[in-house]
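What follows is a set of notes on a single structure, which appears directly below.
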Amino acid sequence: MSEIHLQIDGKEVVASEGMTILDAAKTVGIAIPTLCHHEKLEPYGGCRICTVEVEVRGWPKLVAGCIYPVEKDLVVRTRSEKVDKIRKVLLEEMLAHAPDAEELQALAKEYGADRDRFEKEPSFCIHCGLCVRYCAEIKKKHAVGFVDRGSNREISFIPEIASKECWDCKECFPLCPTSALQAAYVLAESLIPQPDAEVSSCSCSCSCSGKSGTGE
Amino acid sequence: MTMLSSPEKLECARKDIVSRIDPTKPCISVCAGAGCLASGAAEVIAAFKTELEFHGLTTEVNTKGTGCPGFCERGPIVMIYPEEICYLRVKPEDVAEIVSHTIKEKKLVDRLLYVDPATGEKATRESDIPFYKNQQRNILSENLRIDSKSIDDYLAIGGYSALSKALFQMSPEEVMGEVKKSNLRGRGGGGFPAWRKWEESRNAPDPIKYVIVNADEGDPGAFMDRALIEGNPHSILEGLIIGAYAVGAHEGFIYVRQEYPLAVININLAIRQAGERGLLGKNILGSGFDFTVKVHMGAGAFVCGESSALMTALEGRAGEPRPKYIHTAVKGVWDHPSVLNNVETWANVTQIISKGADWFTQFGTKGSTGTKIFSLVGKITNTGLVEVPMGVTLRDIIEKVGGGIPGGKQFKAVQTGGPSGGCIPEAQLDLPVDFDELTKAGSMMGSGGMIVMDEDTCMVDIARYFLDFLKDESCGKCTPCREGIRQMLKVLTNITTGKGKEGDVELLEELAESTGAALCALGKSAPNPVLSTIRYFREEYEAHIRQKKCPALSCKELIAFHIDPDKCKACGTCFRQCPAEAIDGGKKRIHVIDQEKCTKCGTCFDVCPPRFGAVRKISGEPVPAPIPEEQRAMA
């Protein structure tokens, strides 16, 4: 594999083809924050917290470090006033959903993000998609997915699949960066009826189990 | 159906079709585009058929439904050939008169002609109408010459001769060279040079390549692509096959939104007709070149107009953008090199090959060659589709072609580029329409939506409107776009409802900056409506925030309606029409609006006779106290 020379935060870095900026930075001990990145999963580039500044043929632009492939003579800045400012706002936007998530709080400290800047919308989910992608790519079960789009996008377990597959798996729980509660909460609802319980006759699309009073 | 197995056979077939057309035979063409159909064009066509039959003229006079000529404001549009008489806003009840007068006696039906509002002069022919006169309709003019469902009509005007020329007189490299020389830039929004995508794809080692038509036109108010694909589907197909030949692709897709049912029908019909004639499929025109094309219907997501999202959707997955650090021209649909161009771009390819790059570059500016079609909508006298050479000024489009602002109102801004574009104020109206100039002004060419706004439009509310659109149309994958739009919309909603506070404009700017880290161009450009209105109309933001005043008197929460007791003549019109029963009045009693009950629908304002003008809108100041009961009786 051919060697690629580039510069990250002033350091000369020798990377190999196919590496991302994130990979290359790691080899010289430069840490770029990530939330949606996972080594076992396909690159996603959703959370954008790994945003870095690069200069391509003299033009500065913002790219996601976790997906941007290394190029010859690339100049990368993983911390700059602009990058820090963007990370700060992104964190504040995510903290509106998951104010108590430990990972977010640690990053908030680093970037001076105010957890109370935006009105709280505690859905707990920051749409990193780790649960969705893990279930699809590693487990190949597609028991959890995204529904709707834009501001209304949310994760949802597919009851027909989840009731069969999730019971003894739950491998997505520890992946959730905000709190495993979110996944567990939704999952628990969708897991009714339990595999050995009576099959419900309810055909509604929610996860109410068909017995009145068990839903909200 | 004869297969056209060589260029000679194509020319023979063309000659045969043309020989059967008698140029002196009267022909009644009715626009059968979506706009005119909505105003009753189908009934008009039916009425003509019945009327001609009644007069026994069916064999002597042709009738056809054509594509959209663009003057949608005045539809349904009827053209009578060979005299080229243009009748506007034709209704089925006008048809008998047209047949008896114009067809039989060669006399004009005066009341259906265009009247110039400035001079009062009547125009008989289309080319005399200022709306058309000030355009350069290289592409749109063909819409009017053909029945969009007839391949023979397209062949009669020279259709597929560009394809024949490309396949038999040019190498793929020469086709590429001609497109490069024309400097054709993508008409879908970004303005990326078409040849660069083509070249990248052609040079990619993967032998499986695709060419795609992007007909997922989703900008509010835009319908250029719709008119082209409905009106002249073969011209797009021809451009696509030429592109495939240049790139080395043997399969193509047309991604068209399902909300355009007529476009879907017409393009499918065109594909079938072209296949039957040997212009699609194996060994096209006997050249040895194979190409097939499939139509894919989009399910109504704005974001699927973005190239990588469109390709993801083509693969059968949820339409979400992917990072494009490796261009889709190299790794697109199913990871194969894929050239995606907009409908209008493909239509231009046909003309460039047919007439040459030198012909093409005589129109437009150095950086932006050719013509561009805009859909001119909003507060404008002549709503419709306009095609102008690049480089004309916005002022010319709005005033000369568009006929200015109706109702004596003042122009305020023009929004170009759809939800990703920006608002351009009066001071910038002499800006030439050019990819780079519009970007410099903080807007963008976009696909060609042009929304004109007058003094009654609140610029903060316009920004809010576009963000509200984007809130639902963002795919939601990346944080800056999903959350940035959510937060910006909240701030804008606060400002327009009187809850704005100091620092809100700065907060919007900060949120807009972070949106620059979004994954796709749609997200990155999402703050443009906000940034451009702040840039040019900052004082409106400040008035909303500081004085709780909407200068355009448009934001409901910030305005009140008041009846001036000195002007009210107790005519009772507003009293009777107020749907909220919020007006206290009676015979010879000055009317008063109960502010508690008022829903601010504006009915009283609209119905108060102009000679009284007693109802006024108030913003940023207290509503005068209602006059005491005892003083309400009029003398």
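The values are calculated or read from the model by the stated rules, or taken from the named source; none is laboratory data. Every value quoted in this text rests on a predicted model; they were computed, and no experiment measured them. Please note: Cβ atoms are built from the backbone with ideal geometry, for glycine as well, and neighbour counts cover all protein chains shown. Surface accessibility is based on the protein's heavy atoms, side chains included, excluding ligands, DNA and RNA. Shrake-Rupley method; radii C 1.70, N 1.55, O 1.52, S 1.80 Å.
Some points to look at:
- Residues that are closer than 24 Å to B:ALA299 by Cα and either assigned by TED's automatic domain parsing to the domain that holds B:GLY300 or open to solvent by less than 10 Å² (accessible area, probe 1.4 Å) (or both) within the stretch B:484-504 comprise just one, B:ILE485.
- Residue within the stretch A:42-51 that is surrounded by fewer than 24 Cβ atoms within 10 Å (Cβ to Cβ), in contact (Cβ under 8 Å) with a residue 24 or more places away in the chain and either of a type in the set (Lys, Arg) or away from chain B (no Cβ under 11 Å) (or both) present: no
- Members of the stretch A:98-121 found to be open to solvent by 80 Å² or more (accessible area, probe 1.4 Å) and more than 13 Å from chain B (Cβ to nearest Cβ), listed by number: A:ASP100, A:GLU102, A:GLU103, A:LYS109, A:GLU110, A:ARG115, A:ASP116
- Here A:ARG153, A:ARG149 are screened, and the one residue that is modelled with pLDDT under 90 and within 9 Å of another protein chain (Cβ to nearest Cβ) is A:ARG149.
Condition check ((1) β-branched (Val, Ile, Thr); (2) more than 15 Å from B:CYS568 (Cβ to Cβ); (3) in contact (Cβ under 8 Å) with a residue 12 or more places away in the chain) across all residues:
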{"position": "B:LYS587", "(1), (2), (3)": "no, no, yes"}
{"position": "B:VAL592", "(1), (2), (3)": "yes, no, yes"}
{"position": "B:CYS598", "(1), (2), (3)": "no, yes, yes"}
{"position": "B:CYS601", "(1), (2), (3)": "no, yes, yes"}
{"position": "B:PHE605", "(1), (2), (3)": "no, no, yes"}
{"position": "B:PHE612", "(1), (2), (3)": "no, no, yes"}
{"position": "B:ARG616", "(1), (2), (3)": "no, no, yes"}
{"position": "B:GLU621", "(1), (2), (3)": "no, yes, yes"}
{"position": "B:ILE627", "(1), (2), (3)": "yes, no, yes"}
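- Test: residue in the stretch B:508-529 that is open to solvent by 30 Å² or more (accessible area, probe 1.4 Å) and either in contact with a Leu (Cβ under 8 Å, 6 or more places away or on another chain) or in the same structural domain as B:GLY418 (by TED's automatic domain parsing) (or both): yes
- Test result for A:HIS38, closer than 30 Å to A:LEU6 by Cα, assigned to a loop (DSSP other than H, G, I, E, B) and either more than 10 Å from chain B (Cβ to nearest Cβ) or within 14 Å of the chain's Cα centre (by Cα) (or both): yes
- Qualifying positions in the stretch B:468-519 - at the interface with chain A (Cβ under 7 Å from one of its Cβ atoms) and at positive phi: B:GLY476
- Matching residues, the stretch B:132-146, being surrounded by fewer than 18 Cβ atoms within 10 Å (Cβ to Cβ) and part of a loop (DSSP other than H, G, I, E, B): B:ASN134
- Test for B:MET176: is it in contact (Cβ under 8 Å) with a residue 60 or more places away in the chain, open to solvent by less than 40 Å² (accessible area, probe 1.4 Å) and more than 20 Å from B:ILE353 (Cβ to Cβ): no
- Condition check for B:ILE265: away from chain A (no Cβ under 12 Å) and open to solvent by less than 20 Å² (accessible area, probe 1.4 Å): no
- Residues in the stretch A:5-27 that are of a type in the set (Asp, Glu) and farther than 12 Å from A:PRO69 by Cα were compared, and the one that is surrounded by the most Cβ atoms within 10 Å (Cβ to Cβ) is A:ASP9.
- Yes/no for B:ALA552 being touching a residue at least 12 places away in the same chain (Cβ under 8 Å) and either buried (at least 18 other Cβ atoms within 10 Å of the Cβ) or in contact with a strand residue (DSSP E or B) (Cβ under 8 Å, 6 or more places away or on another chain) (or both): yes
- Condition check for B:TYR465: away from chain A (no Cβ under 14 Å) and closer than 24 Å to B:GLU320 by Cα: yes
- Scanning the stretch B:267-306 for residues being part of a helix (DSSP H, G or I) and among the small types (Gly, Ala, Ser) gives a total of 5.
- Considering (1) surrounded by 21 or more Cβ atoms within 10 Å (Cβ to Cβ); (2) assigned to a helix (DSSP H, G or I), the lone condition that B:GLU539 does not fulfil carries the number (1).
- A:TYR134 passes every criterion in (1) open to solvent by 80 Å² or more (accessible area, probe 1.4 Å); (2) in contact with a Cys (Cβ under 6 Å, 6 or more places away or on another chain) apart from (1).
- In the stretch A:72-97, the residues that are more than 9 Å from chain B (Cβ to nearest Cβ) and open to solvent by 10 Å² or more (accessible area, probe 1.4 Å): A:LYS72, A:ASP73, A:VAL75, A:ARG77, A:ARG79, A:SER80, A:GLU81, A:ASP84
- The criterion of being in a helix (DSSP H, G or I) and touching a Lys or Arg at 6+ places or on another chain (Cβ under 7 Å) does not hold for B:ILE534.
- Of the helices (runs of 4 or more DSSP H) entirely within the stretch B:307-395, none holds at least 3 residues that are within 14 Å of chain A (Cβ to nearest Cβ), open to solvent by 10 Å² or more (accessible area, probe 1.4 Å) and among the acidic types (Asp, Glu).
- Residues (more than 20 Å from B:ALA329 (Cβ to Cβ) and open to solvent by 10 Å² or more (accessible area, probe 1.4 Å)) located in the stretch B:297-306: B:MET297, B:ALA299, B:GLY300, B:ALA301, B:PHE302
- Residue match in the stretch B:588-598 (condition: under 19 Å from B:ASP461 (Cβ atoms) and either in a helix (DSSP H, G or I) or open to solvent by less than 60 Å² (accessible area, probe 1.4 Å) (or both)): no
- In the set (1) over 28 Å from B:GLN273 (Cα atoms); (2) over 20 Å from the mean Cα position of the chain (by Cα), B:GLY75 fails one condition alone, (2).
- Only a single criterion out of (1) within 29 Å of A:ILE126 (Cα to Cα); (2) aliphatic (A, V, I, L, M); (3) in contact (Cβ under 8 Å) with a residue 12 or more places away in the chain is not satisfied by A:VAL28, namely (1).
For (1) touching a residue at least 60 places away in the same chain (Cβ under 8 Å); (2) under 27 Å from B:GLU306 (Cβ atoms), each residue gets a yes or a no:
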| site | (1), (2) |
| --- | --- |
| B:THR383 | yes, no |
| B:PRO425 | yes, no |
| B:LEU431 | no, yes |
| B:GLY442 | yes, yes |
| B:SER447 | yes, yes |
| B:ILE451 | yes, yes |
| B:SER474 | yes, yes |
